[in-house]
Amino acid sequence: MKAAEMAAAYKANPTTKTIADLATEAVMATKTMAEARRIASDSALIAILKEQDDKWRAFARKCPDVNPNGFKIILHQLIPTSKHLLT
C-alpha cells in the first residue's frame, strides 16, 4: 500500500485502530518483500525496513496527527530483535 492510500484509509476512519491496522500491515509487508526479494543478509533486511519506515513517514506527512515514528514503534513491539536493525 502506498503512502497516499494509507492516508486515504486513515482519513476515511481516523481512529487508533486504523493506525494500528496500517502499522501492522506495513510490518507484514516487510515479510512479503523479504520473501519476494529472497534476502539473505541483515543489510538487505535493513534496506527493506528503511523503505517501509520512509513510506510510513510519507504517510505521516499527509496526516499530521500521525506519529512519524509509528512504524518503528509497532515493529519494535512486534519484533523486539528488530531494535538492532532499525534504530
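Since every read-out is calculated from the coordinates, none of them should be taken as a lab result. Model, not experiment: these values are computed from the prediction. Here the Cβ positions follow ideal geometry from the backbone for every residue, glycine too, while neighbour counts run over all protein chains shown.
Within segment 12-56, the set of residues being farther than 18 Å from LYS2 by Cβ and touching a residue at least 40 places away in the same chain (Cβ under 8 Å) comprises PRO14, ALA20, ASP42, LEU45, ILE46.
Yes or no, residue by residue, for (1) outside any loop (DSSP other than H, G, I, E, B); (2) touching a Pro at 6+ places or on another chain (Cβ under 9 Å); (3) loosely packed, with under 15 Cβ neighbours inside 10 Å:
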residue	(1), (2), (3)
MET1	no, no, yes
ALA20	yes, no, yes
THR24	yes, no, yes
ALA36	yes, no, yes
PHE71	yes, no, no
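Determine, yes or no, whether ALA44 is outside any helix (DSSP H, G or I), small (Gly, Ala, Ser) and closer than 22 Å to THR87 by Cα. Here the answer is no, as ALA44 does not meet what is asked.
When the test is whether a residue is closer than 18 Å to ALA4 by Cα and surrounded by fewer than 16 Cβ atoms within 10 Å (Cβ to Cβ), LYS83 does not pass it. The set of residues in segment 1-36 being of a type in the set (D, E, K, R) and closer than 18 Å to ILE79 by Cβ consists of ASP21, GLU25, LYS31, GLU35. MET28 meets each of the listed conditions (1) closer than 17 Å to LEU86 by Cβ; (2) surrounded by 14 or more Cβ atoms within 10 Å (Cβ to Cβ); (3) not charged (D, E, K, R) apart from (2).
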